[in-house]
Structure formats: C-alpha cells, structure tokens
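Contents: one structure, followed by commentary.
The values are calculated or read from the model by the stated rules, or taken from the named source; none is laboratory data. All of these numbers come straight from a predicted model, not from anything done at the bench. Every residue, glycine as well, gets a Cβ built from its backbone with ideal geometry; the counts of neighbours run over all protein chains shown. Keep in mind that these areas ignore ligands, DNA and RNA; they rest on the heavy atoms of the full protein, side chains included. Shrake-Rupley method; radii C 1.70, N 1.55, O 1.52, S 1.80 Å.
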Amino acid sequence: MTLPGALTLLFAAAFTAATLLPAQSEGLLFWLVTTQKYNLWALLAAATAGNVLGSLVNWWLGRYAAHFKNRSWFPVNEKQFSKAEQFFQKYGKWSLLLSWMPFIGDPITLVAGALGIRWGEFLVWVTLAKLGRYAVVCAAAASLF
C-alpha cells in the first residue's frame, strides 16, 4: 500500500471511529506503525485529524440536532445523553479530555455541542485528547523495534 493509501485508510477509520458509528482505528494505526513502511508523524497526523473531524461531526449533531434526541433514529439514546450531560456539567470542558475513551467519548462530544461549547475551545481540548491517545499507540508500536 502506498503512503497516500495508508493515510487515507487510517483517516477514514479514525473519522468513523470518532463518530457515533461503531468502529475502531487504534489497531490499524498500531499495525501501520509496526510495518515501518510509513512515516510515523504522517500516520499520527492522519489518525488525529480524522478522529478530531469525526468528533466535530458529533459536536455539530449536538449543536444543531439535539432537539431530536427523543426520536428513535437519534444516534444516542436518552439514557446515554443524560449520563453524558451530567458528566459534562460536573466536569465542564475538562471532560473533553476523555473524548478518546470508548463508549463515553462520543456522547460527551455530542453533549458539548448541545450545551453550546464554542467549537474553537472544543477543538483544542478534543485535539489534545485524541493526539495523546494516538501518540501512546504510536509509541507502543514503535517500542517493538
């Protein structure tokens, strides 16, 4: 696979993983790093950019579509939304540092939009969280060599 192909695949996997769709990107990143065929920094940038952009989709859904949260098609059920909202109200913007975590990260990013967190501030906190998570994955994969 060429570098552009690897970066596109990784970006798409990271983007999908950050949305409310079930997906995973860490395994792909780990594997791509261990192949030692691709630039580590390019892989880290592609994974982080895709994941942050996916979280921005969640923020947008929260910002502009949260009034549909009681509909059956809404991607987060009322219980998840309420739990994320309570967590976010308790810890504020600091909770965005947990946006990388499975199961709770996506609802937190959605609730951040619903609660009116400015996208610039959202972007900073979520980028730090996502970059940190992928840096750990890269470091773990790279340490095998």
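Can you tell me which residue within the range 97-132, out of those that are charged (D, E, K, R) and in contact (Cβ under 8 Å) with a residue 40 or more places away in the chain, is surrounded by the most Cβ atoms within 10 Å (Cβ to Cβ)?
Quick first cut of the range 97-132, residues charged (D, E, K, R) only: 106, 118, 121, 130.
Still in the running and in contact (Cβ under 8 Å) with a residue 40 or more places away in the chain: 106, 130.
Values: Asp106: 26, Lys130: 24.
For the range 97-132, the residue satisfying everything is Asp106.
Confirm whether Asn58 is assigned to a helix (DSSP H, G or I) and in contact with a Leu (Cβ under 8 Å, 6 or more places away or on another chain). Explain how you work it out, then say what you get.
Working: assigned to a helix (DSSP H, G or I): yes; in contact with a Leu (Cβ under 8 Å, 6 or more places away or on another chain): yes.
Yes.
Hey, could you check the range 63-96 for residues that are of a type in the set (A, V, I, L, M), part of a helix (DSSP H, G or I) and buried (at least 16 other Cβ atoms within 10 Å of the Cβ) and say which is modelled with the highest pLDDT? Walk me through how you get there before you give the answer.
Applying the first criterion (of a type in the set (A, V, I, L, M)) to the range 63-96 yields 65-66, 76, 84, 96.
Those left that are additionally part of a helix (DSSP H, G or I): 65-66, 84, 96.
From the residues that got through so far, the ones that are buried (at least 16 other Cβ atoms within 10 Å of the Cβ) too are 66, 84, 96.
On the way: Ala66: 70, Ala84: 73, Leu96: 92.
So the residue we want is Leu96.
Could you please find all residues in the range 17-48 being at pLDDT 90 or above, within 24 Å of Val124 (Cα to Cα), in contact with a helix residue (DSSP H, G or I) (Cβ under 7 Å, 6 or more places away or on another chain) and open to solvent by 50 Å² or more (accessible area, probe 1.4 Å)?
Glu26, Leu40
Among the residues of the range 97-126, write down those that are more than 13 Å from the chain's Cα centre (by Cα), assigned to a helix (DSSP H, G or I) and of a type in the set (Val, Ile, Thr).
Answer for the range 97-126, where residues must be more than 13 Å from the chain's Cα centre (by Cα), assigned to a helix (DSSP H, G or I) and of a type in the set (Val, Ile, Thr): just Val111.
Go through (1) free of Cβ contacts under 8 Å to residues at least 60 places away in the same chain; (2) closer than 27 Å to Leu10 by Cβ; (3) assigned to a loop (DSSP other than H, G, I, E, B); (4) not charged (D, E, K, R) for Phe145 and report which single condition fails.
Answer for Phe145: the failing condition is (1).
Inspect all residues belonging to the range 28-39 and state whether any of them is closer than 20 Å to Leu3 by Cβ and under 11 Å from the mean Cα position of the chain (by Cα). Quick ask: steps written out before the conclusion?
Pass one, the range 28-39, residues closer than 20 Å to Leu3 by Cβ: 28-39.
Next, only the ones that are under 11 Å from the mean Cα position of the chain (by Cα) stay: none.
No, the range 28-39 contains no residue that is closer than 20 Å to Leu3 by Cβ and under 11 Å from the mean Cα position of the chain (by Cα).
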